[in-house]
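Asks: Okay, here's the structure, questions in a sec.
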Amino acid sequence: MTDLRGFYIRQLSELNACLSNSKARRNVYLALKLVLFAGAAVAGYYAIAGRCAWVFPVALFATYFVALYFDGRAAAKQLGIKELIADYEAELRYLDGDLSGFATGAEFASPDHCYSLDLDLFGENSLFAEMNRTVTPNGKRRLATHLQNPFRQAEPILRRQVAVAELASPEHNRWMHEFRAKGRIHAVADWSPDVVEQWQRTRYFRNGRFGGGLLILNVLCLASLAAAIAGFIPYGAFIVAAMLQLLVTIFTMGALNRQHARLDKTIKSLAGYFYLIDHVAKAEFRSEELVALKAETDSAITAFGRLKKIKAAFDRRGNVLMTIVLNSLYLRDLHTLRRLIVWRGQYAAHIDRWTAAVEEIDALLSAANYRFNHPYFILPAIDPDGRILAAEGIAHPMMRGADVVENDFTVAALHEIYILTGANMSGKSTFLRSVGLNLVLALTGNVVRSRAFSFTPVALFTSMRTSDNLSRGQSYFQAELLRLSALHDMARDGRPVFIILDEMLKGTNSQDKLNGSLKFLARLLQFNISGIVATHDLALGALADSHPHNFRNLCFEIDHADDEIIYTYKLRDGVSKNMNASFLLRKMDLI
C-alpha cells in the first residue's frame with residue numbers, strides 16, 4: 001500500500017457517492033411519508049363519515065409506519081457514512097502533518113517514568129498523538145499503557161505483531177474505520193469495574209427464600225381467583241389476596257425505583273460497548289490474540305439483549321393502571337427484579353471481560369492504523385544472534401519528508417556502551433530519540449522506521465530532560481542525581497536495561513562532572529546494561545581506551561567550508577574534533 005493518499009481519496013470518493021445516494025433515498029422516504037400520512041388522514045376522515053371502509057386508512061397508516069422504519073434505518077446509515085468520511089478526511093490531514101484532531105495524551109506524561117518524557121511519548125506532536133485513534137476512554141488508557149510498559153519477552157511481542165498486522169491489512173481497513181465511527185456515534189462512557197463490583201455486593205434475597213415467597217403469593221392469589229370463579233369462595237377472598245400483593249409492591253417501591261434507576265444508568269454506560277461488541281462479532285479473525293479477544297465477548301450480545309428486555313419491563317411501570325393490575329395479580333415488578341438478579345448472577349462477572357476485550361481491540365486498532373499509515377516502516381525482528389540492537393538506516397519515526405538522514409547503529413551485547421560526542425545542533429539528540437522511539441515501537445509490537453531492524457527485548461531507561469522541581473524542593477542537580485539513582489535501582493534488579501543518557505551531571509562544574517560521569521559509567525558495567533551516552537565531555541572518550549571491550553566512541557562531526565558550517569547528521573566512528581560555539585558566536589558578532 002504505497003499510494004496511501006490515493007487510497008484515502010478513493011475511499012472518500014466512494015463514500016461521498018454513497019452519501020449522495022443515501023440523501024436521495026431519504027428524500028424519497030420523506031415524500032412517501034408525507035403522501036402516506038396525508039392519504040391516511042383523508043381516508044380516516046371519509047371512514048368516519050362512512051364514505052369508505054376503515055381498511056384504507058388503517059392500511060395507509062401501517063404503510064406510513066413501515067416507511068418511517070426504513071427511513072430511520074437510512075438515517076442511521078447516513079450518519080455512519082458521514083462519520084466514515086470524517087475519519088478518512090482526518091487521516092488525509094494526518095498525512096499532511098496535521099495532528100490537531102487527535103488527542104495528545106498529555107495527561108499520561110510523567111517525569112518519573114523511565115523514558116516517556118524524554119522521548120516525547122505524550123503531548124503535542126508526540127508518538128501518542130501520531131498513533132492514538134481510540135474511541136473508548138479505557139482504550140485510550142490501554143494504548144498509553146502499551147507504550148509505557150513494553151513487553152520484555154519475545155513471544156508476546158511476536159503475538160501482538162501478528163494481531164496488528166491482521167488488523168492493518170486492506171481487508172480489515174473499512175471494518176477498522178467503521179469500528180471508530182460506531183464508537184463516536186454511540187459514545188462509550190468512561191466505564192469503571194467498581195460499578196459492577198458495587199452492584200454485585202448488593203443483596204436483595206436472603207437464602208433464596210424471597211423467590212419462593214413470590215411463588216407462594218402468586219399461587220394463593222391465582223388459586224383464589226380460580227376458586228372464586230368456580231364459586232367455591234367469595235370474590236372478596238380474591239380481592240384480599242390481590243390487595244396483599246399490591247401492598248407488598250408498595251412497600252418495596254423504593255427499592256424497585258432505585259434498581260430501575262441503577263439499571264438505566266448501567267445500560268447507558270454499557271450501550272456503547274455493546275454496539276462495538278456487535279461490530280466485533282461480524283469480523284473474522286485468524287490471529288491467536290484477536291480470536292481470543294473476540295471469544296471473550298461471545299456471550300455479551302445475548303446477555304445485553306436480555307438486559308434490555310428487563311429494562312423494558314421496568315420502563316412499563318410508567319403505565320399506572322397496568323402496573324396496579326399486574327402487581328395485584330402476580331407481583332410483576334418483583335418478578336422483574338428477580339429476573340435482574342438472575343441476570344446479574346449469570347452475567348455480571350463477565351462484564352469486565354467484555355469491556356476489557358473491546359478496549360484492547362480499540363488500542364490494537366490504533367497500532368494497526370499507525371502501521372497502515374506507514375507502509376515504508378518495517379516489522380522489526382527478534383535478533384537471532386542475541387544482539388541488543390542492530391539497525392540499518394534508522395531514522396526518527398515522527399520526522400517527515402524525504403530528506404531525513406538515516407544512520408546505521410548496532411549494539412552487539414550487554415555491557416557495550418557507546419559514547420556519543422558532537423557539536424551543538426549536530427544531530428545527537430535527534431539520533432538518541434530515533435533509537436529510543438524505534439525501540440519502544442519494536443518492544444510494543446509495532447513497525448519501526450528503519451531499513452532493517454532486529455533486537456533483543458530489554459527494559460529501557462533514559463535521562464535527557466532532567467529539570468528542577470520547586471514544588472518538590474528539588475534543585476536541578478538533585479533531580480539529576482535522583483534520575484541516575486532510579487537507573488541504578490532498575491539495573492540492580494538484574495534485568496537487561498538499554499540506557500540513553502544525554503549530558504550527565506550538567507548541574508555541577510566541568511571537572512566534577514567529568515569525574516562523576518567516569519565513575520558512574522564504570523560502575524554501571526557490573527550490571528546488565530548497554531546503550532548510548534551523549535556528552536560534550538570529549539574526555540569521556542578515554543573510556544574506550546581503559547575499557548576497550550565495553551566502550552565505543554561515535555560522533556556527529558561538523559565540517560567547516562569557508563564561512564559556513566556543514567551539518568551532515570551522519571554517524572561516524574571516533575570522538576568529535578570540531579565544535580561550533582565559538583564559530584557561531586563570531587559569525588553573529590557576539591565575540
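Asks: Please determine whether any residue of the range 184-202 is modelled with pLDDT under 80, open to solvent by 70 Å² or more (accessible area, probe 1.4 Å) and not in a helix (DSSP H, G or I). Let's see the steps before the verdict.
Replies: Going residue by residue through the range 184-202, those that are modelled with pLDDT under 80 are 189-202.
From the residues that got through so far, the ones that are open to solvent by 70 Å² or more (accessible area, probe 1.4 Å) too are 190, 194, 197-198, 201.
When the remaining residues are screened for being not in a helix (DSSP H, G or I), the result is 190.
There is at least one residue in the range 184-202 that is modelled with pLDDT under 80, open to solvent by 70 Å² or more (accessible area, probe 1.4 Å) and not in a helix (DSSP H, G or I).
Asks: If only one of His488, His536 is part of a helix (DSSP H, G or I) and either basic (Lys, Arg) or farther than 22 Å from Phe455 by Cα (or both), which one is it?
Replies: Details: His536 fails: part of a helix (DSSP H, G or I).
Checking each option against the conditions leaves just His488.
Asks: Still on this model: What tally of residues in the range 338-374 results from selecting those that are within 12 Å of the chain's Cα centre (by Cα), more than 15 Å from Thr136 (Cα to Cα) and of a type in the set (D, E, K, R)?
Replies: 0
Asks: Does Thr134 count as modelled with pLDDT of 95 or more and of a type in the set (Ser, Thr, Tyr)? I'd like the intermediate steps shown before the answer.
Replies: Values: modelled with pLDDT of 95 or more: yes; of a type in the set (Ser, Thr, Tyr): yes.
Criteria met by Thr134.
Asks: Only one residue in Ala300, Ala313, Ala295 is surrounded by 15 or more Cβ atoms within 10 Å (Cβ to Cβ) and at pLDDT 80 or above, so which one is that? Show your work before the answer.
Replies: Values: Ala313 fails: at pLDDT 80 or above; Ala295 fails: surrounded by 15 or more Cβ atoms within 10 Å (Cβ to Cβ).
Only one candidate qualifies: Ala300.
Asks: Still on this structure, please answer the following. Tell me whether the range 388-401 contains one or more residues that are under 25 Å from the mean Cα position of the chain (by Cα) and within 22 Å of Leu487 (Cβ to Cβ).
Replies: Scanning the range 388-401, I find no residue that is under 25 Å from the mean Cα position of the chain (by Cα) and within 22 Å of Leu487 (Cβ to Cβ), so the answer is no.
Asks: Within the range 443-458, track down each residue that is open to solvent by 20 Å² or more (accessible area, probe 1.4 Å), touching an Asp or Glu at 6+ places or on another chain (Cβ under 7 Å) and either closer than 11 Å to Ile394 by Cβ or modelled with pLDDT under 95 (or both).
Replies: Within the range 443-458, Arg451, Ala452 meet the criteria.
Asks: Next question. Take Phe377 and tell me if it is within 31 Å of the chain's Cα centre (by Cα) and at negative phi.
Replies: Working: within 31 Å of the chain's Cα centre (by Cα): yes; at negative phi: yes.
When the stated conditions are applied, Phe377 passes them.
Asks: Do the conditions hold for Met490, that is, is it at pLDDT below 90 and either under 20 Å from Gly436 (Cβ atoms) or surrounded by fewer than 20 Cβ atoms within 10 Å (Cβ to Cβ) (or both)?
Replies: Numbers: at pLDDT below 90: no; either under 20 Å from Gly436 (Cβ atoms) or surrounded by fewer than 20 Cβ atoms within 10 Å (Cβ to Cβ) (or both): yes.
No.
Asks: Next up: Assess whether Leu147 counts as being surrounded by 21 or more Cβ atoms within 10 Å (Cβ to Cβ), in a helix (DSSP H, G or I) and not small (Gly, Ala, Ser). Steps first, answer last, please.
Replies: Working: surrounded by 21 or more Cβ atoms within 10 Å (Cβ to Cβ): yes; in a helix (DSSP H, G or I): yes; not small (Gly, Ala, Ser): yes.
Here the answer is yes, as Leu147 does meet what is asked.
Asks: Among Leu34, Leu15, Leu4, Leu19, which is the only one that is over 21 Å from Ile81 (Cβ atoms) and touching a residue at least 40 places away in the same chain (Cβ under 8 Å)? So that I can check it myself, show each step before the final result.
Replies: Values: Leu34 fails: touching a residue at least 40 places away in the same chain (Cβ under 8 Å); Leu15 fails: over 21 Å from Ile81 (Cβ atoms); Leu19 fails: over 21 Å from Ile81 (Cβ atoms).
On inspection, the qualifying residue turns out to be Leu4.
Asks: When both residues are 6+ apart or on different chains and their Cβ atoms are under 7 Å apart, which pairs have a first residue that lies in the range 212-241 and is part of a loop (DSSP other than H, G, I, E, B), and a second that is surrounded by 12 or more Cβ atoms within 10 Å (Cβ to Cβ) and at pLDDT 70 or above?
Replies: Pairs found: Ile233/Ser224; Ile233/Ala227; Pro234/Ala228.
Asks: Picking from Leu543, Leu514, which residue would you name as being modelled with pLDDT of 90 or more, surrounded by 16 or more Cβ atoms within 10 Å (Cβ to Cβ) and assigned to a helix (DSSP H, G or I)? Break it down stepwise before answering.
Replies: Details: Leu514 fails: modelled with pLDDT of 90 or more.
Just a single option satisfies the conditions, and that option is Leu543.
Asks: Of the conditions (1) open to solvent by 40 Å² or more (accessible area, probe 1.4 Å); (2) in contact with a His (Cβ under 8 Å, 6 or more places away or on another chain), Thr421 fails just one. Which one is it?
Replies: Here Thr421 meets the rest and fails (1).
Asks: Which members of the range 234-261 meet the condition of being of a type in the set (S, T, N, Q), within 15 Å of Leu326 (Cα to Cα) and out of contact with any Leu (no Cβ under 9 Å at 6 or more places or on another chain)?
Replies: none
Asks: I've got another one for you. Got a sec? Which of Lys77, Lys33, Lys82 is part of a helix (DSSP H, G or I) and either open to solvent by less than 40 Å² (accessible area, probe 1.4 Å) or among the aromatic types (Phe, Trp, Tyr) (or both)?
Replies: On the way: Lys77 fails: either open to solvent by less than 40 Å² (accessible area, probe 1.4 Å) or among the aromatic types (Phe, Trp, Tyr) (or both); Lys82 fails: either open to solvent by less than 40 Å² (accessible area, probe 1.4 Å) or among the aromatic types (Phe, Trp, Tyr) (or both).
Of the residues listed, the single one that is part of a helix (DSSP H, G or I) and either open to solvent by less than 40 Å² (accessible area, probe 1.4 Å) or among the aromatic types (Phe, Trp, Tyr) (or both) is Lys33.
Asks: Here's a follow-up. Quick one: which residue in Phe274, Phe285 is in contact with a helix residue (DSSP H, G or I) (Cβ under 7 Å, 6 or more places away or on another chain) and assigned to a helix (DSSP H, G or I)? Outline the logic, then answer.
Replies: Values: Phe285 fails: assigned to a helix (DSSP H, G or I).
Result: Phe274 is the single residue among Phe274, Phe285 that is in contact with a helix residue (DSSP H, G or I) (Cβ under 7 Å, 6 or more places away or on another chain) and assigned to a helix (DSSP H, G or I).
Asks: On to the next question. Identify the residue in the range 546-577 that is surrounded by 16 or more Cβ atoms within 10 Å (Cβ to Cβ) and more than 21 Å from Ser434 (Cα to Cα) and, among all such residues, is modelled with the highest pLDDT. Walk me through how you get there before you give the answer.
Replies: Filtering the range 546-577 down to residues surrounded by 16 or more Cβ atoms within 10 Å (Cβ to Cβ) leaves 550-558, 565, 567, 569, 571, 575-576.
Now narrow it down to the ones that are more than 21 Å from Ser434 (Cα to Cα): 550, 565.
Values: Asn550: 94, Ile565: 75.
So the residue we want is Asn550.
Asks: A further question on this structure: Please work out which residue is surrounded by the most Cβ atoms within 10 Å (Cβ to Cβ), limiting yourself to the range 88-112 and to residues that are in contact with a Gly (Cβ under 8 Å, 6 or more places away or on another chain) and in a loop (DSSP other than H, G, I, E, B).
Replies: Gly105
The values are calculated or read from the model by the stated rules, or taken from the named source; none is laboratory data. Quick caveat, the model's predicted, so the values are computed rather than measured. Every residue, glycine among them, receives a Cβ derived from its backbone with ideal geometry; neighbour counts consider all protein chains shown. In case anyone asks, the SASA skips ligands and DNA or RNA and just uses the protein heavy atoms, side chains included. Shrake-Rupley method; radii C 1.70, N 1.55, O 1.52, S 1.80 Å.
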